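Trainee: A single structure is presented below for examination.
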Amino acid sequence: MEPADAVSDAIGRAFRDERAIVLATLIRQAGDFGLAEDAVQDAFEAAVTAWRRDGVPANPGAWITTAARRRAIDRLRRDRSVADRAERLAELTRLDAQQEEPSIDDESTIVDDRLRLIFTCCHPALEMPARVALTLRALGGLTTGEIARAFLVAEPTMGKRIVRAKRKIADAHIPYRVPADEELPARTRGVLRVVYLIFNEGYAAAEGDRLVREELCDEAIRLGELLTRLMPDDAEVWGLLALMLLHDARRAARVDADGRYVALDAQDRSLWDQDRIRLGLATLERSVRLRRPGEYQLQAAITALQIQAPDSEATDWAQIAELYGALGALNQSPVIELNRAVAVGHAFGPPAGLKLLEPLLGDQAIERYQPLHAAHADLLRRAGDSEGAKRAYGRAIALTANAVEREELERRREALR
Amino acid sequence: MSQYMLLVYEEEVDPAVQAEHERKLPMFVELHRSLREAGLLVGVQRLHPVQSATSVRVRDGETEITDGPFAVTKEFLAGYYLIECADLDEAIKQAARLPMASWATVEVRPVMPPGEWLRVARAAGAEVPDEAVNDLA
């Protein structure tokens, strides 16, 4: 008998390190996403008993691979409603009869299988919450319960969402392959969007179980790292990882002891994770060297400039304004234009910032956006227009639903007297 | 003679009721046979459930793909194409080529092959011989 702790550790490790690889391979071999997932789940459950009884195998990954394949064969034998059942059984039985595990195939097959898995989980024909859930489950190894808690939904609801997505993959024949060259850029952007959404869900939301939330950030970064290994020539893949690392480095400083949000300027910089910052900057460097600026790379570059300056005063606002300009050229958005106006206001003085910001006040897409009016007030104050600033703060206060924010805005308005 | 399309609309029901419907397969087999004998049947195909639907639109030259069926509002069903493709990606690509994709919505629904229809019905307890598959298409 192996001690229970050693077995749980080994299973935990195998789950973390090998599950996605085993699953990705088995989906290809069994030709069915849902069936492979169930079989891998069964195999991990079986490992608990078997490893406790017989000891942890020398190669846990190979053990899980074989066990999962046999479970898939069992399931196929039982379930008569599966299409192409005979062909699939024949293929799996043939693989099972091979003497030696082809040491989890070779490296390039693993890479290909995991890429296939990512592109399937993030397929645009699936609804976004399902893409996120499938990615976290299939590649991150999170349980349905963990995903449900992270997204503040009931576990059965999340379970149904996942079942429905797997059913659609099977019924609609969502392919299990890396998209063709002409579709690849758009589909890769879709994958990055899913990963960034996972990160933001963990980073931005104030409510919910904080530990689970932090796990989402870690998971998104792990996925980002995996993508850089799988697609090292894509500048945006590096750009996204850099952006996530640079945000994450400031995680501890973002909220104060009372759980209140702390703005960048006011953050205690000694709480920043310097190792993460160094890693983020090196990652950004990799992205920039590929000479294809994209949205994530530009956002990471802006964040890097803000982090590297000792304070707001010493920040290179002119360059930040330029980066926002480049970002706006890629993706026209009034929020980006607002950020550019703020940067220009810092770099070239409040009147220059106001000139860019004023047209936004009449833009329906953003006119009810609180930060627009807070930024407007700030620029007016610095331009010496106290009356205008008071009115703008009033507008911002009326638009905020957040008590902490309101308090801060009222404090700034009072300070005008 | 004129051709008519009979469109069948269903509501999502719980699995027990669905299984009850599936067990009625012999009635379908019988109906299809008699329609065919009378020379009236041009074709019949069962579609996968609505959860397998994908909506495709082309706007400003960009293909927009969304999960789910086309939500019925004031639009009406204007026609259909039946195409054979390797997988959903190819079907979406062909759907985006329809001229109407740039002003209308094309719902892409996978057809359930007759063999699968038979398997699904049998799994729910319907008793039908293998040859019935010929009457399901």
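Trainee: Select from segment A:222-258 the residues that are among the acidic types (Asp, Glu) and more than 12 Å from the chain's Cα centre (by Cα) and write down the one among them that is farthest from residue A:403 (Cα to Cα). Working first, answer last.
Mentor: Let us first name the residues in segment A:222-258 that are among the acidic types (Asp, Glu), namely A:225, A:233-234, A:236, A:248, A:256, A:258.
Restricting the remaining residues to those that are more than 12 Å from the chain's Cα centre (by Cα) gives A:233-234, A:236, A:256, A:258.
On the way: A:233: 45, A:234: 42, A:236: 37, A:256: 15, A:258: 13 Å.
Result: A:233.
Trainee: Could I ask something else about it? Within segment B:67-84, which residues are of a type in the set (Val, Ile, Thr) and either under 16 Å from the mean Cα position of the chain (by Cα) or within 14 Å of chain A (Cβ to nearest Cβ) (or both)? Write out each step before concluding.
Mentor: Within segment B:67-84, the subset of a type in the set (Val, Ile, Thr) is B:72-73, B:83.
Within segment B:67-84, just B:83 meets the criteria.
Trainee: Restricting attention to segment A:359-404, which residues are in contact (Cβ under 8 Å) with a residue 24 or more places away in the chain, surrounded by fewer than 16 Cβ atoms within 10 Å (Cβ to Cβ) and either of a type in the set (A, V, I, L, M) or assigned to a helix (DSSP H, G or I) (or both)?
Mentor: A:365, A:386, A:404
Trainee: Separate question: Go over the candidates A:90, A:4, A:50, A:86 one by one and state the one that is over 30 Å from residue A:173 (Cα atoms) and at pLDDT below 90. Explain how you work it out, then say what you get.
Mentor: Details: A:90 fails: over 30 Å from residue A:173 (Cα atoms); A:50 fails: at pLDDT below 90; A:86 fails: over 30 Å from residue A:173 (Cα atoms).
A:4 is the lone residue from the list that is over 30 Å from residue A:173 (Cα atoms) and at pLDDT below 90.
Trainee: Now for a different question. Mind listing just one residue for me: the one in segment B:85-105 that is facing another protein chain (nearest Cβ under 10 Å) and out of contact with any helix residue (DSSP H, G or I) (no Cβ under 6 Å at 6 or more places or on another chain) and, of those, surrounded by the fewest Cβ atoms within 10 Å (Cβ to Cβ)? First the steps, then the outcome.
Mentor: Filtering segment B:85-105 for residues facing another protein chain (nearest Cβ under 10 Å) gives B:85-93.
Keeping just the survivors that are out of contact with any helix residue (DSSP H, G or I) (no Cβ under 6 Å at 6 or more places or on another chain) gives B:86-93.
Values: B:86: 9, B:87: 14, B:88: 23, B:89: 22, B:90: 15, B:91: 22, B:92: 21, B:93: 15.
If we take residues in segment B:85-105 being facing another protein chain (nearest Cβ under 10 Å) and out of contact with any helix residue (DSSP H, G or I) (no Cβ under 6 Å at 6 or more places or on another chain), then B:86 is surrounded by the fewest Cβ atoms within 10 Å (Cβ to Cβ).
Trainee: Condition check: touching a residue at least 12 places away in the same chain (Cβ under 8 Å), away from chain B (no Cβ under 14 Å), closer than 25 Å to residue A:176 by Cβ and in a helix (DSSP H, G or I). Does residue A:6 satisfy that? Explain how you work it out, then say what you get.
Mentor: Values: touching a residue at least 12 places away in the same chain (Cβ under 8 Å): yes; away from chain B (no Cβ under 14 Å): yes; closer than 25 Å to residue A:176 by Cβ: no; in a helix (DSSP H, G or I): yes.
For residue A:6, the condition - touching a residue at least 12 places away in the same chain (Cβ under 8 Å), away from chain B (no Cβ under 14 Å), closer than 25 Å to residue A:176 by Cβ and in a helix (DSSP H, G or I) - is not met.
Trainee: Something else: Counting only residues that are more than 14 Å from chain A (Cβ to nearest Cβ) and in contact with a strand residue (DSSP E or B) (Cβ under 9 Å, 6 or more places away or on another chain), how many does segment B:106-135 have?
Mentor: Number satisfying all stated conditions: 0.
Trainee: State whether one or more residues within segment A:127-139 are among the basic types (Lys, Arg), surrounded by fewer than 23 Cβ atoms within 10 Å (Cβ to Cβ), within 11 Å of chain B (Cβ to nearest Cβ) and within 18 Å of residue B:88 (Cα to Cα).
Mentor: No, segment A:127-139 contains no residue that is among the basic types (Lys, Arg), surrounded by fewer than 23 Cβ atoms within 10 Å (Cβ to Cβ), within 11 Å of chain B (Cβ to nearest Cβ) and within 18 Å of residue B:88 (Cα to Cα).
Trainee: Only residues that are within 14 Å of chain B (Cβ to nearest Cβ) and buried (at least 19 other Cβ atoms within 10 Å of the Cβ): list them for segment A:52-87, please.
Mentor: Once the filter is applied, which keeps residues that are within 14 Å of chain B (Cβ to nearest Cβ) and buried (at least 19 other Cβ atoms within 10 Å of the Cβ), segment A:52-87 yields A:76, A:82.
Trainee: Looking at segment B:41-67, which of its residues are in contact with a strand residue (DSSP E or B) (Cβ under 7 Å, 6 or more places away or on another chain) and among the basic types (Lys, Arg)?
Mentor: Answer for segment B:41-67, where residues must be in contact with a strand residue (DSSP E or B) (Cβ under 7 Å, 6 or more places away or on another chain) and among the basic types (Lys, Arg): B:46, B:57.
Trainee: Now for a separate question. Which pairs turn up if I take residues in segment A:290-303 that are closer than 19 Å to residue A:233 by Cβ and touching a residue at least 40 places away in the same chain (Cβ under 8 Å) and look for partners that are of a type in the set (D, E, K, R) and crowded, with 21+ Cβ neighbours inside 10 Å with beta carbon separation below 6 Å, at least 6 apart in sequence or on another chain?
Mentor: So the pair list comes out as A:294/A:236; A:296/A:236.
Trainee: Collect the residues in segment B:61-115 that are in contact (Cβ under 8 Å) with a residue 40 or more places away in the chain and among the charged types (D, E, K, R), keeping them in residue-number order.
Mentor: Correct list: B:107, B:109.
Trainee: Here are A:325, A:280, A:345: which of them is outside any loop (DSSP other than H, G, I, E, B), over 26 Å from the mean Cα position of the chain (by Cα) and among the small types (Gly, Ala, Ser)? Reasoning before the result, please.
Mentor: Values: A:325 fails: over 26 Å from the mean Cα position of the chain (by Cα); A:280 fails: over 26 Å from the mean Cα position of the chain (by Cα).
None of the other options fit; the residue is A:345.
Trainee: Among the numbered criteria (1) within 13 Å of chain A (Cβ to nearest Cβ); (2) farther than 17 Å from residue A:171 by Cβ, which single criterion is violated by residue B:46?
Mentor: The one condition residue B:46 does not meet is (2).
Trainee: Which condition number does residue A:201 fail, the rest of (1) over 12 Å from the mean Cα position of the chain (by Cα); (2) surrounded by fewer than 21 Cβ atoms within 10 Å (Cβ to Cβ) being met?
Mentor: Failed condition: (1).
Trainee: For the condition surrounded by 23 or more Cβ atoms within 10 Å (Cβ to Cβ), away from chain B (no Cβ under 14 Å) and either assigned to a helix (DSSP H, G or I) or on the phi > 0 side of the Ramachandran plot (or both), what is the one hit in A:117, A:152? Before you say what the answer is, go through the steps one by one.
Mentor: On the way: A:152 fails: surrounded by 23 or more Cβ atoms within 10 Å (Cβ to Cβ).
Just one listed residue meets the conditions, A:117.
Trainee: Within segment A:163-181, is even one residue more than 10 Å from chain B (Cβ to nearest Cβ), assigned to a helix (DSSP H, G or I) and surrounded by 17 or more Cβ atoms within 10 Å (Cβ to Cβ)?
Mentor: The answer is yes, given that some residue of segment A:163-181 is more than 10 Å from chain B (Cβ to nearest Cβ), assigned to a helix (DSSP H, G or I) and surrounded by 17 or more Cβ atoms within 10 Å (Cβ to Cβ).
Trainee: Do the conditions hold for residue A:30, that is, is it under 23 Å from residue A:115 (Cα atoms), in contact with a Lys or Arg (Cβ under 9 Å, 6 or more places away or on another chain) and without any contact (Cβ under 8 Å) to a residue 40 or more places away in the chain?
Mentor: Numbers: under 23 Å from residue A:115 (Cα atoms): yes; in contact with a Lys or Arg (Cβ under 9 Å, 6 or more places away or on another chain): yes; without any contact (Cβ under 8 Å) to a residue 40 or more places away in the chain: no.
No, not satisfied.
The values are calculated or read from the model by the stated rules, or taken from the named source; none is laboratory data. Predicted model only: the values in this text are computed from it and were never measured. For neighbour counting, all protein chains shown are included, and Cβ atoms are generated from backbone atoms with ideal geometry for every residue, glycine included.
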